[in-house]
1. Residues being open to solvent by less than 90 Å² (accessible area, probe 1.4 Å) and either of a type in the set (Val, Ile, Thr) or over 15 Å from Met73 (Cα atoms) (or both): count how many of those fall in the range 9-34.
2. Quick one: which residue in Ser70, Ser45 is in contact with a strand residue (DSSP E or B) (Cβ under 9 Å, 6 or more places away or on another chain), open to solvent by less than 30 Å² (accessible area, probe 1.4 Å), touching a residue at least 12 places away in the same chain (Cβ under 8 Å) and of a type in the set (S, T, N, Q)?
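The values are calculated or read from the model by the stated rules, or taken from the named source; none is laboratory data. Here the structure is a predicted model, which means the values were calculated and not measured. When we count neighbours, we look across all protein chains shown, and the Cβ atoms used for this are built from the backbone with ideal geometry, even at glycine. These accessible areas exclude ligands, DNA and RNA; they are computed on the full protein's heavy atoms, side chains included. Shrake-Rupley method; radii C 1.70, N 1.55, O 1.52, S 1.80 Å.
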Amino acid sequence: CSLIADVQYTLLHGGVAMNPRRHLRLVYEANPVALIVENAGGRASDGATRILDIQPEKLHHRLPVFVGSSEDMAELESF
C-alpha cells in the first residue's frame, strides 16, 4: 500500500487513510505527512495522540498512522 497515494486520495476525495500497524517511521514518514495534512485542514494521529506532538524515542521510532478530515478523525478516535 502506498502511503503517499492514499494520503493524496484522502486529501482530494475525503475519508481516512490509515496504517494501523506499527510500520511507519515517525521522523521520516509520519511527521512530514502529518504536517501536510494538518496544513490542508485535516488531522493526523496514532489513534490517540496527534502525530506532531509525539517525541521520537529513537531514530527509527515506528507507529500506526491515521490521517483524514477533522470530523472523520474525531469519529475514528472515539472508538
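1. 12
2. Ser45
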